[in-house]
Amino acid sequence: MAHSVAGRAARARSAINHRYRRIATDFDRVSYLWCVPYARKLSHIALHGDAFLWWAEADGRYARGNHPRVGSLLAFRSIPRMPLGHLAVVVKVIDSREVLVNEANWVPDTVTRNVPVIDVSPDNTWSEVRQSTGGDSFGLTYPTYGFIYDRTPQTTIAGRTPDAEVAEAPATPRLRTNAPNRNLK
């Protein structure tokens, strides 16, 4: 009986040592199990919340579009097989229809690097993509919002010529600083 207890204790110590050795040698894999903190760290885009919320959260704070750029985030929509959405960081643009991304947790509990992603949308809008499953094979089609860029959105003023007419926005109403007297009858 003493022999089996000692054996179990030795196996447990070995498993614990193996786990901590894995943490020390593969820090990236263990510390970024989710796509959101991994994408935030690599892209320097300071948004929070589930991945599928980032597109809306970026509105007015970060530029968004449908052209891949190195350092941008590819934002995946929420679907039944991926209810929280997904974020992947573009590390290389191959051409207008293919990029390489780094991402966390596409493969559970793993950071994957240089994963080919292709645009399969009919109009080259990056609204539907497929990821490489290894070799020349690509998996299922996933809907995306597009790319979030690490820069503020730019306002474009159209018609910078002397004869151009530019519409003006209506004046914003001033807010009252005092409330009406509710004691009046």
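The values are calculated or read from the model by the stated rules, or taken from the named source; none is laboratory data. The structure displayed is predicted, hence computed values, not measured ones. Glycine also receives a Cβ, built like all others from the backbone with ideal geometry; neighbour counts cover every protein chain displayed. For accessibility, only protein heavy atoms count, side chains too; no ligands or nucleic acids. Shrake-Rupley method; radii C 1.70, N 1.55, O 1.52, S 1.80 Å.
Quick look at the numbers
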item: Scan of the stretch 71-81 for residues that are assigned to a loop (DSSP other than H, G, I, E, B) and open to solvent by 20 Å² or more (accessible area, probe 1.4 Å), ordered by number; result: GLY71, ARG77, SER78, PRO80, ARG81
item: Members of the stretch 84-94 found to be touching a Phe, Trp or Tyr at 6+ places or on another chain (Cβ under 8 Å) and free of Cβ contacts under 8 Å to residues at least 40 places away in the same chain, listed by number; result: LEU84, GLY85
item: Residues satisfying the stated conditions in the stretch 49-70, i.e. within 11 Å of the chain's Cα centre (by Cα) and open to solvent by 20 Å² or more (accessible area, probe 1.4 Å); result: GLY49, ASP50, PHE52, LEU53, TRP55
